[in-house]
1. Can you list residues from other chains, or at least 5 along the same chain, whose modelled amide H is less than 5 Å from the amide H of R96?
2. Taking a ≥ b ≥ c as the square roots of the eigenvalues of the Cα gyration tensor of segment 72-144, is the shape rounded (a/c under 1.5), prolate (a/b larger than b/c) or oblate?
3. I need the peptides 296-305, 253-262 ranked by packing, meaning the mean over residues of other C-beta atoms within 10 angstrom, with the highest value on top.
4. Run the numbers for D388 and Q89: contour at 0.36 nm per residue of separation, minus the present Cα-Cα distance, in nm.
5. Determine, for each peptide in 314-322, 188-196, 269-277, the mean count of other beta carbons within 10 angstrom over its residues, then list the peptides with the highest first.
6. In square angstrom, what is the accessible area per residue of segment 308-385 with a 1.4 angstrom probe?
7. Students often check this: by mean Cβ neighbours within 10 Å, which of 347-358, 122-133, 38-49, 66-77 ranks highest, and how do the rest follow?
8. From the square roots a ≥ b ≥ c of the eigenvalues of the alpha-carbon gyration tensor of the chain, which class results: rounded (a/c under 1.5), prolate (a/b over b/c), or oblate?
Amino acid sequence: MPATAQLGLPPIGLPPLGDVTDTISDTLEDTNAGIARASGKLLRIRDNRIANLLRNHADAVERDRNGDPARRGELFLLDADPDALAIAQQAGFVIRGAEQIDGLDIGLVRLSVPSSLSLADAEKTLQALLPDATISADNLHFPASGSNASPPLAMLTSSTASIRSAVGMIDGAPGNHVRPSAMRGFAQGAPYPSNHGSAIVSLLEHAGVKDIRVADVYGNDPAGGNALAIAQALGWLTKGGAKVISISLVGPRNALLERAVASVQREGVIVVAAVGNDGPAAPPAYPASYDSVLAVTAVDGRNRALIEAGKARHLDYAAPGAGLRVRNAEGERTRVRGTSFAVPLVAARVAAYPGDRSQIITQLDKEAIDLGKKGTDDTYGRGLLCGDCRP
C-alpha cells in the first residue's frame, strides 16, 4: 500500500474562494474577511489530514512534543557522548544503534523510548535529563502539492535550454516511463512509483534538466518522508555531485534535518524548497524556512499568488504552479496545482547558471520579474522565475 504520507492522504481540496477572488468592486474589508475564512479552512484541512494519518497509522506515527507527526517510539541524540548515553539508558531509553550519515558530517544515536512514555513525554524527559544535548524526533514531511484538478490556466512546454548540471530531487520515485540518471530509496519499499514524484521529474525535464538524480524518501512506508530519510538523501545526492537539490516537501522544524541542510550548503549545494499549501496562517514551512534555502511560492496563469500558498520565514522567488501539465506514475498527462510544482522550475533555473551561490543568486535576481509591490515582498519574494515555461 502506498505510504500514507505520500499518496494515501486525501487531496487538499481548496475551500470556496469566491470571497477572495470576487470582482474588484468588493470592498477591501470583504476581501480581507474572505482571505481569513479561506485561511481558516486550509488550517482545518491540514489538521484533519494529520489526524487521519495518526488514526490510520497509530502503530507507526505519533505526535512529538510540539504536536507534529513523527515516527513512533524513536528519538535521535546528535553528537552523543558516553556520559549522555549512560544517563539516557538509566532513564529507560534503549540504544538501537549509532550511525554516520554518508556524505554528511553528522553522527547520531537512535534511541527507543520507554514503553511507558509517549513520544512527546519521552522527548521532554530526555531533554530535561540532557539540557545541553541536541535531541530530535523523526518528524514526517508531506508533499507540498495542492490539487491535480486545477483549471486549464497554463500548459508547460519544453525549454529549449539544455541544462547539464546535476539536479537532485527528494520526493517519491517517478513511474517506469522515466529514466533518471540515478535513483535510490531511503524508505521501506523504495523506490516506489508515485504521482507526486513523477510530476516533479516531469517538470525538471521540461525545464531542460538532463541529469536528474532521485532520492525516494517515501516508498510505501507509513512513516515515509521522515527527517532521517531526508538527511540521508541529502548526503547521498551531495556525495554524488548534485549542484542543486529540489525538495517539494514540508514539515516542522527539525534539529537533524536543519543540521543536514547546513552541511550540504557548506559543500556548495543550493537547496530549493516549497512553502507548502496550508495557507498563509499555517506555521512556517520547513525545509524552506531554514537559513539560505531558496523558498519558493507559486502563481497561477495570470501571475496571481495561489490563495493556498503557505509561508516560510523568508521568501525568495515565485514560479508557475497552477494548470501545469505533467505526467503521473502511469505516464498519463494530468494537470497539477500547488507550490510543489513551482520548485523544480526554480531549481532548473539555479542549475542553468555557473558559479557559486552568490553569483547564481545575482543572475536569478536579474532574471526575476518583479510582481506585486515594488521590490522584495512577502507574496512573491524577489520576483517570478521561469515565467516563460508556459505559453
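1. It is R110, L111, S112, by chain and number.
2. Values: a/c = 1.79, a/b = 1.15, b/c = 1.56.
Taking the square roots of the gyration eigenvalues as a ≥ b ≥ c, segment 72-144 is oblate.
3. Top to bottom by mean Cβ count within 10 Å: 253-262, 296-305.
4. Taking D388 through Q89 to full extension adds about 101.9 nm, to one decimal.
5. 269-277, 314-322, 188-196
6. The answer is 41 Å² per residue.
7. 66-77, 347-358, 38-49, 122-133
8. prolate
The values are calculated or read from the model by the stated rules, or taken from the named source; none is laboratory data. Source: prediction; values computed, not measured. Don't worry about glycine lacking a Cβ; one is built from the backbone with ideal geometry, like all the others, and counts go over all protein chains shown. When the accessible area is computed, the model is the full protein with side chains, heavy atoms only, and any ligands, DNA or RNA have been set aside. Shrake-Rupley method; radii C 1.70, N 1.55, O 1.52, S 1.80 Å.
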